[in-house]
1. What is the packing order of peptides A:52-62, B:92-102, taking the mean over residues of other C-beta atoms within 10 Å and listing the highest first?
2. Between rounded, prolate and oblate, where does the protein assembly as shown land on the alpha carbon gyration tensor, with a ≥ b ≥ c its root eigenvalues, rounded for a/c under 1.5, else prolate if a/b exceeds b/c?
3. Between residue B:7 and residue B:70, take the C-beta separation as r, use R0 = 22 Å, and let me know the FRET efficiency to the nearest 0.05.
4. For the pair residue A:58 and residue B:106, how long in nm is the line joining their label points, each one 7 Å along Cα→Cβ?
5. Restricting to lysine pairs 8 or more places apart or on different chains, what number in the protein assembly as shown have Cα atoms under 28 Å apart?
6. Pull out a ≥ b ≥ c, the square roots of the eigenvalues of the alpha-carbon gyration tensor of chain B, then state rounded if a/c is under 1.5, prolate if not and a/b is larger than b/c, and oblate in the remaining case.
7. Treating only the Cβ of Lys, Arg, Asp and Glu as charged (+1, +1, -1, -1), what charge dipole size does the range A:16-116 show about its Cα centre? Round to the nearest 20 debye.
8. Quick one: check the C-alpha center-to-center distance for the range A:64-116 versus the range A:21-45, whole angstrom.
Amino acid sequence: GAGVSQTPSNKVTEKGKYVELRCDPISGHTALYWYRQSLGQGPEFLIYFQGTGAADDSGLPNDRFFAVRPEGSVSTLKIQRTERGDSAVYLCASSLTSGSGGNEQFFGPGTRLTVL
Amino acid sequence: AQSVTQLGSHVSVSEGALVLLRCNYSSSVPPYLFWYVQYPNQGLQLLLKYTTGATLVKGINGFEAEFKKSETSFHLTKPSAHMSDAAEYFCAVSYDNQGGKLIFGQGTELSVKP
């Protein structure tokens, strides 16, 4: 079956611009996670959704970052007034539920964001 | 604070040699433990995980890992390296009271020499 997909695969923008990154999770997965991976580092948690609601957004670095999941499926990560330090690969993952910490998360290929 | 440490950002082995990638976690309660692999230009793929039960866990592609609570470790091993094992490997932990979010180590790049 189809895995997690993310669009675009690459995004180049200028400092100060607004960007949207999209994630399509595996059908039927209620939990959706966003991570950010900087060069040479492991992924860092940003936010996760259980259904439509953001259950934990403690990883968002500041109020320029926002994410939504209005229908409990597709999610969009939005970054306002982009800065060069936002350049990274943004990863999305989904799992059947977030009820147990032991559930496997399935990752998408990521969106590589470059802010010039 | 909860954290994951992977000793060695780069590990190089010869084809056929033992692979050992080290992972230690820091937390007051035992977590769920994961190893993910990332091939170039691909997404993260789960190799194996420990949740409960037997502390020696077998995963895909001949990899295994052993949870040692007393050492707060979850080292990844493979008896004989193959060229196709060259990739970035990430150790991660999660906890029941945190919605399953993963805390990753910084990663270890494995190179396999012919």
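1. Those peptides, ordered most packed to least, come out B:92-102, A:52-62.
2. prolate
3. It comes to 0.80.
4. 2.3
5. Count of close lysine pairs: 22.
6. It is prolate, given that a/c is not under 1.5 and a/b is the larger ratio.
7. 340
8. Here the answer is 4 Å between Cα centres.
Computed from the coordinates by the stated procedures, all read-outs in this text should not be read as laboratory data. Values in this document were obtained by computation on a predicted structure and should not be read as measured data. Note that we place each Cβ from the backbone using ideal geometry, even for glycine, and neighbour counts take in every protein chain shown.
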